[in-house]
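The block underneath contains the structure these notes are about, expressed in structure tokens.
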Amino acid sequence: MQRNMLAILFTALSIFLGCDPAAAQQEAGCTDTVTDQGWEFRQLPTEASGISGQWHPAQVPGDVHLDLLRNKLIPDPFYRDNEAKLQWIQGASWEYRTTINITPDTLQKRNLEMVFDGLDAYAEVFLNDSRVLTANNMFRTWRINAKPLLHAGANKLRVVFPSPDKAAAEAAAADPWRLRTGVAEKTYVRKAAYEYGWDWGPTFVTSGVWRPVHLEAWDTARISDLHIRQLDVTAALAHLNAEVEVMATDNANAEITLRYSHGSPPAEATRSVALHPGLNHIDLPLEIAKPDLWYPAGYGAQRLYIFTAQLKIQGRLEDARSVTTGLRSVVLQRDLDKWGRSFEFVVNGIPVFGKGADVIPFDSFPNRVTETNYRRILQSTVDANMNMIRLWGGGYYETDTFYRICDQLGIMVWQDFMFGNDWQPGLYSWKLNVAAEIEDQVKRLRDHPSIIIWCGNNETEEAIFWNGRQQLPPEVRIQMWQDYVSTFSGLIPSVVKSLDPQRAYWPSSPSADYEETTPTFQTGDVHIWDVWHGRVPFSTYEQHHGRFVTEYGFQSFPEMKTIESFTVPEDRTSIFTPVMLVHQKNNEGNSIIHDYLLKDYPEPKDFASFLYVSQVLQAEGIKIGAEHFRRSRSEIMGSIFWQLNDCWQVASWSSIDYFGRWKALQYYARRFYAPLLVSPHVEDGILKTYVVSDKVQPVDGVLSLRIIDFDGKVLKEATQQVNIPALSSQVYLRWPMSDLGAANQVDTAKVVAVADLAVEGTSVSRNLIYLVPTKQVQLPAARIATELTQAADGFHLKLSSPVLARSVCVNFGNANAESSDNYFDLLPGENALLVVKSSEPLDSLKKNLRVISLADAFNTAKPGK
């Protein structure tokens, strides 16, 4: 884990020592001072354009775009078309400076080390005007010996960031293969790829001190790392090895004490060791009987243990470090079976179906993402019955806060290394840089129980076939492939295996790990993009049988409140206005949404209706894929849709928009990812009703299926008791479609099949299926009655309609309010009771309340009863 900040470190020490944090700080021989005050920045004065020369206040950690914005030197980058006006920033060079005051007592320490947790990305560091570091990787930690250059009093620290564009061009020029391969210059500097623009994100290539800077002062020895290696873990016994790394300056006899606690009297182990100068590796084997295990969300509790290592020399505390982790067993099962080779995660002996979404950076400017932002989005995943996310490889390795929240919530993390799409260089120096990056990040993150797999990259394995590269000369393609394999199946896994051998490594997403796939032999993970890019119907998802689906998706627009945050009224007349197109980064994205929409629905009657229908379209489409994957449980063991979140206000594949507002897809996900899912589906002329269970025990329930018309008349129904096996998917009811049509005088354009599953008298899953293509469904105009009242838990909103109301949307305009459910189908004669959370008064909520259903979005619906 990353070295803790002082407050965290000494709070942990106070628990360990039974003293207050201040006393612990005075006793510890190693101190760690964060350098985050007094920073200034400027554009280099040698540059003619921009804001050259003048110093301005800066915030560290941060970046130049945010500093320019705080100083009112640029407009809001996300507003209207401001993105294009700010591209000059990445072509400029920037300088940051601060003063570090060193006391005589600090100067007496034998070791003074300046540590940079993150420099974005190419940078030169000067301490008292001496260059001490040249950095070229925003994902590495940089450590320098500052002792020879520091003096008592004020010391000058400067960091110069040359233009990212120029730095990349210079680095690329050193590779004679670059022009032959077509590899982009930007890949030669290790930097977040999404900054250069993606088909959901803007182009803002940042520079800055983006992670903390601190000064470590110590004498004889310090703890450089603490890792709890989980050799094997069962419910009966956990075999662990506490691996302590100590950096020492002298030979010394020391004592290492390890204490762990978990809500009970702590246990400890002590070992005497002889330290030698340099890096010392000390192992302390541990056994914990009947450990409290960590489980993914939906399978059990998220128990966490705190381990603290204490280093003493001659009875004096030199340093201490703490790690919080969960004990669990995770195996990536890859066995031959009737479909090919399996791909499933077995956690504590349970084969877990991965349900979730891909995660991109939470903002184009990472340092304005707060813990509140993280917690809101990550809590939303659990609230939508997700148990897994994939941290996509085109962004950056997330903060400790992000992973800590995942640990607490039971969210499994598929962790890509940060290589996104494009082919990567093959220079030896570049690979050495990458090896250091992987070591830094694996060491920092490996004690998080939420991380269940390391993955080499996002789509780089596929990139050999992109951009006309099939036409490159054979020797070039061979060299590119050798570079790829040597990095992602040689260099990176070797580092991972040495540091974290108990956790699985996968070379790329998607990948079959170089195994050939056929229609009858499927293996590895897949990305499905014929829906959207290929413009094929949503039903095409049901033709895919990859063993684990890590990407599939469809775009929608955010709600009007989000659109209003970056537009003026004239921008909101059409999805094809210039500003709306600026906030659509897929080349033909708005046209693709429009074309798909018209396949299923009439033209929406206005701009607001188009936003709403686009969300319903997205949610209905992804529902088809997600339910197919879940019905195919055992054959398919993961459904990770693209994507969960946004980095700005945009039309995208997200289910949650930039401000954390749930789109229709997120509400739908809560239903199609439910632990018990009823899923009616037409196959070979038969309406089959599946029940899918993620439960680890059998469940008894009542399954019902009705055919009703849009006025609520029941035309056919069946109810039966069902015993649902654990971890299963099977069919319980079969109705031939021939029994439902003309022979029974049923107009299938005006009816819907409603499947319900109840357990112990409580509905746990409801699902509707229409018996004709969506465009043929003749929805009536619904008159939805509303009743909003004050209640102890907020407000209660009761809804009812005499006719079917499809995809009911509750909206409170600009009022700050959240509804417990949304985008649901309201059956005729039934009441829906929603809980509304808001700080607004009741009268304001009533004034702003708007409730619509799908028929309201068009001018074609005929009035119902």
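What 222 nm value per residue comes from the helices of the chain, counting each DSSP H run with n ≥ 4 as -39,500 (n - 2.57) and dividing by all residues, nearest 500 deg cm²/dmol? Could the numbers behind the result be given before it?
Numbers: 19 runs with 176 residues, N = 865.
When only DSSP H runs of four or more count, the value is -6000 deg cm²/dmol.
So what are the chain's ellipsoid semi-axes, whole angstrom, largest first, if each one is the square root of 5 times an eigenvalue of the alpha-carbon gyration tensor?
Working from the Cα gyration tensor, I get semi-axes of 49, 32, 27 Å.
I want the local charge near His239. Using Cβ-Cβ distances under 15 Å, sum +1 for each Lys or Arg and -1 for each Asp or Glu among the other residues. Spell out each step's value before the answer.
Details: positive: Arg229, Lys290, Arg328; negative: Asp232, Glu243, Asp283, Glu287.
With Lys, Arg at +1 and Asp, Glu at -1, the neighbours total -1.
Taking only protein heavy atoms into account and a 1.4 Å probe, give the accessible area per residue of the chain in Å². List each step's numbers first, then the result.
Working: 32740 Å² over 865 residues.
Ligands and nucleic acids excluded, the result is 38 Å² per residue.
Of the listed peptides 519-526, 750-757, what is their order by residue-averaged count of other C-beta atoms within 10 Å, with the highest listed first?
Working: 519-526: 18.5, 750-757: 21.6.
Result, highest mean Cβ count within 10 Å first: 750-757, 519-526.
How big, on average over all directions, is the shadow cast by the Cα convex hull of the range 574-708, in nm²?
Values: hull surface 44.5 nm².
Result: a mean projected hull area of 11.1 nm².
In debye, nearest 20, what is the charge dipole magnitude of the range 617-757 about its Cα centre with +1 on Lys and Arg Cβ and -1 on Asp and Glu Cβ, if you could check? Walk me through the numbers before you get to the answer.
Numbers: 15 positive and 15 negative charges, 45 e Å.
Using Cβ point charges on Lys, Arg, Asp and Glu, the range 617-757 gives about 220 debye.
Positive end of the dipole of the range 480-539, charges at C-beta (+1 Lys, Arg; -1 Asp, Glu), about the Cα centre: which of Val526, Gln502, Phe488 has its Cα farthest in that direction?
Checked the options; the winner is Gln502.
Farthest toward the dipole's positive end in the chain, which of Trp454, Val159, Trp414, given Cβ charges of +1 (Lys, Arg) and -1 (Asp, Glu) about the Cα centre?
Trp414
Evaluate the relative contact order of the chain (contact order divided by residue number), counting alpha-carbon pairs under 8 angstrom at least 6 apart; express in whole percent. Mind dumping the intermediate values first?
On the way: 2025 pairs, mean separation 78.0, N = 865.
Once normalised by length, the contact order is 9 percent.
Quick one: which of 327-336, 301-310, 272-281, 386-395 comes out on top by average Cβ neighbours within 10 Å, and what's the full order, highest first? Walk me through the intermediate numbers first.
Values: 327-336: 15.9, 301-310: 20.1, 272-281: 13.0, 386-395: 25.3.
So the peptides 327-336, 301-310, 272-281, 386-395, ranked by packing, come out 386-395, 301-310, 327-336, 272-281.
5 Å is the cut-off here: which amide hydrogens, built 1.01 Å from N in the peptide plane, fall below it relative to Asp225, excluding neighbours closer than 5 in sequence?
Distant-sequence amide H within range of Asp225: Glu245.
Quick check: at a probe of 1.4 Å, how many percent of the accessible area of the range 419-529 sits on carbon and sulfur atoms?
Numbers: 2320 of 4150 Å².
The C+S portion of the solvent-accessible surface of the range 419-529 is 56 percent.
Only bridges with both residues in the chain count here: give the DSSP antiparallel percent, nearest 5. Before the final figure, lay out each step's value.
Details: 168 of 201 bridges.
Here the antiparallel bridges make up roughly 85 percent for the chain.
Taking the Cα centre of the chain as origin, sum charge times position over the Cβ atoms of Lys and Arg (+1) and Asp and Glu (-1), and report the length of that vector in debye to the nearest 20. Each step should come with its number before you reach the end.
Details: 82 positive and 101 negative charges, 162 e Å.
Result for the chain is approximately 780 debye, rounded to the nearest 20.
Work from the charge dipole of the chain (Cβ charges, +1 for Lys and Arg, -1 for Asp and Glu, about the Cα centre) and give the residue of Tyr612, Val549, Ile640 farthest towards its positive end.
Tyr612
Would you mind counting up the charge near Asp694? Only other residues with Cβ under 10 Å from its Cβ, with Lys and Arg at +1 and Asp and Glu at -1.
Values: positive: Lys355, Arg630, Arg633, Lys695; negative: none.
Summing Lys and Arg as +1 and Asp and Glu as -1 gives +4.
Round to a whole number: what % of the accessible area of the range 209-346 belongs to carbon and sulfur, probe 1.4 Å? List each step's numbers first, then the result.
Details: 2700 of 5550 Å².
That fraction is 49 percent.
Residue by residue through the range 751-765, what is 3J(HN,Hα) from phi via Karplus (6.51 cos²θ - 1.76 cosθ + 1.60, θ = phi - 60°)? Round to whole Hz and write x for glycine and proline.
Couplings: 9, 9, 8, 10, 9, 10, 10, 10, 10, 6, x, 10, 5, 10, 7 Hz.
Anything in the chain that counts as a DSSP H helix reaching 15 Å or more along its axis (C-alpha) with Kyte-Doolittle mean of at least 0.5? List them, would you?
Values: long enough: 6-17 (16 Å, 2.66); 371-383 (17 Å, -1.08); 428-445 (26 Å, -0.48); 474-486 (18 Å, -0.64); 589-600 (17 Å, -0.29); 607-631 (36 Å, 0.20).
Qualifying helices: 6-17.
Per-residue HN-Hα couplings for the range 146-154, Karplus 6.51 cos²θ - 1.76 cosθ + 1.60 at θ = phi - 60°, whole Hz, x for Gly and Pro?
After applying 6.51 cos²θ - 1.76 cosθ + 1.60, I find 9, 3, x, 9, 8, 9, 5, x, 7 Hz.
With θ taken as phi - 60° and the coefficients 6.51, -1.76 and 1.60, list the Karplus ³J(HN,Hα) couplings across the range 702-709 in order, rounded to whole Hz; mark glycine and proline as x.
Result, ordered by residue: 10, 10, 10, 9, 10, 9, 10, 8 Hz.
Please give the net charge around Ala669, taking every other residue with its beta carbon less than 9 angstrom from that of Ala669, where Lys and Arg add +1 and Asp and Glu add -1.
Net charge in that neighbourhood comes out at +4.
Share of the range 645-758's accessible area from carbon and sulfur, percent, 1.4 Å? Spell out each step's value before the answer.
Numbers: 1960 of 4130 Å².
Of the solvent-accessible surface of the range 645-758, carbon and sulfur hold 48 percent.
Which cross-chain or sequence-distant (5 or more) residues have an amide H under 5 Å from the amide H of Val549, H modelled 1.01 Å from N in plane?
Close amide H contacts, sequence-distant or interchain: Val526, Met637, Gly638, Ser639, Ile640.
Could you pull out every residue, at least 5 positions away or on a different chain, whose amide H is within less than 5 Å of the one on Asn280? Hs are placed 1.01 Å off N in the peptide plane, and Pro or chain starts have none.
Long-range HN contacts for Asn280: Val246, Met247, Ala248.
What does the highest-first list of 420-428, 729-737 look like by mean Cβ count within 10 Å? Don't skip to the answer; put the middle values down first.
Working: 420-428: 19.7, 729-737: 15.9.
Result, highest mean first: 420-428, 729-737.
So if I place +1 on the C-beta of Lys and Arg and -1 on the C-beta of Asp and Glu, and nothing else carries charge, what would the dipole magnitude of the range 462-571 be about its Cα centre? I want it in debye, nearest 20. Please list the in-between numbers first.
Numbers: 7 positive and 15 negative charges, 66 e Å.
Computed about the Cα centre, the dipole is about 320 debye.
The values are calculated or read from the model by the stated rules, or taken from the named source; none is laboratory data. Remember, predicted model here, so these are calculated numbers, not experimental data. Methodologically, a virtual Cβ is constructed for each residue, glycine included, from the backbone with ideal geometry; neighbour enumeration extends over all protein chains shown. To get the accessible areas, we keep the full protein, side chains included, count just its heavy atoms, and leave off ligands, DNA and RNA. Shrake-Rupley method; radii C 1.70, N 1.55, O 1.52, S 1.80 Å.
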